[in-house]
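Right, one structure below, let's go through it.
The values are calculated or read from the model by the stated rules, or taken from the named source; none is laboratory data. Note that this is a predicted model, so its numbers are computed, not measured. Cβ: placed from backbone, ideal geometry, glycine included. Neighbour counts: every protein chain shown.
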Amino acid sequence: MTKHIARKRFGQNFLVAQDIVAHIISAIAPLPGDNLVEIGPGLGALTAPLLAKLDVLHVVEIDRDLIGRLRSLYPPERLKIHEGDALLFDFASLGRDLRVIGNLPYNISTPLLFHLAQYADRVRDMHFMLQREVVERMVAVPGGGEYGRLSVMLQYRFTMELLFLVPPESFEPAPKVDSAIVRMMPRRQAALLAQDEALFARVVSAAFGQRRKMLRNTLRDLIDADGLAALGIAPTARAEELAVADYLAIANHLA
């Protein structure tokens, strides 16, 4: 089979380290009947060991050359290939109790995470390989420089854990940054307390839009200083000082 050249426009870095592959499969712990979808299977580093454990595996892949390669290796009744862009894919079409995994392209990781968050009520768990810096932002706690809009919006929907780091030499071609594996577990619907989720997102976005400014300035079009104080939030605080619960309190007060 001809060697596939990694395509920059698709953000391709192929996992080649077998010890890392084994570590990831162990963390996922797939079982035969699991409803599992892999985003960007690439050259199949995870696909083959997953299929060894599963009855059926769904994959979402945009690169036609890689799709042709996968079709030549695996029968269609075992590997269900969904051709297209994961950013546009309707994950609800795969049913419920969905397990999602992937080595996500760095160039689309943040918008893809927001896209996947829409399907949280259908998901059992998600395991992703991402740029280490992105995972550190996802799991960050209030008060630090890594804590931002991504942290708040994802922590509202998921409990998240950085499982382990993956060095650049684990890939071909090697990226210029470290990677990390993150586990994301959807919160139960009863725990999601935003009365208006679009308004909650707007509050978070406004607060972090100019994160060095005080909330009385960044949120002035939504709530005044007295309103913040009445909620027990200092008007002089900055965006990274507020917990997810504080953003919920502001949004639900406005709703």
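Overview of results
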| read-out | value |
| --- | --- |
| Residues of the range 129-144 that turn out to be among the β-branched types (Val, Ile, Thr) and without any contact (Cβ under 8 Å) to a residue 24 or more places away in the chain, as a count | 1 |
| Single residue of the range 6-42 satisfying the filter (farther than 25 Å from PHE89 by Cα and among the β-branched types (Val, Ile, Thr)) that is modelled with the lowest pLDDT | VAL16 |
| Filtered residue count, the range 232-255, keeping only those that are assigned to a loop (DSSP other than H, G, I, E, B) and under 17 Å from LEU199 (Cα atoms) | 3 |
| Cβ-Cβ under 8 Å pairs, at least 6 apart or on other chains, the range 212-229 side farther than 15 Å from ALA251 by Cβ and not assigned by TED's automatic domain parsing to the domain that holds GLU146, far side hydrophobic (A, V, I, L, M, F, W, C) and assigned to a loop (DSSP other than H, G, I, E, B) | MET214/ALA237 |
| The one condition in (1) touching a Pro at 6+ places or on another chain (Cβ under 8 Å); (2) part of a strand (DSSP E or B) that MET160 fails to fulfil | (1) |
| Enumeration of residues in the range 19-39 that are of a type in the set (D, E, K, R) and either over 24 Å from SER170 (Cα atoms) or touching a residue at least 60 places away in the same chain (Cβ under 8 Å) (or both) | ASP34, GLU38 |
| Failed criterion for GLU172 (all others in (1) touching a Phe, Trp or Tyr at 6+ places or on another chain (Cβ under 9 Å); (2) charged (D, E, K, R); (3) modelled with pLDDT of 95 or more hold) | (3) |
| Which listed residue, of ARG124, ARG99, ARG78, ARG71, is within 18 Å of ARG183 (Cα to Cα), modelled with pLDDT of 95 or more and surrounded by fewer than 18 Cβ atoms within 10 Å (Cβ to Cβ) | ARG124 |
| Residues being out of contact with any Leu (no Cβ under 8 Å at 6 or more places or on another chain) and either surrounded by fewer than 19 Cβ atoms within 10 Å (Cβ to Cβ) or at pLDDT below 95 (or both) - total across the range 106-119 | 3 |
| Cross-chain or 6+ apart pairs with Cβ under 8 Å, the range 241-255 first and closer than 10 Å to VAL203 by Cα, then modelled with pLDDT under 95 and crowded, with 16+ Cβ neighbours inside 10 Å | LEU248/ALA194; ALA251/ALA194 |
| Residue count for the range 232-243, restricted to those that are surrounded by fewer than 17 Cβ atoms within 10 Å (Cβ to Cβ) and under 22 Å from ARG157 (Cβ atoms) | 2 |
| The range 140-170, residues that are hydrophobic (A, V, I, L, M, F, W, C) and buried (at least 20 other Cβ atoms within 10 Å of the Cβ) | VAL152, MET153, LEU154, PHE158, VAL166 |
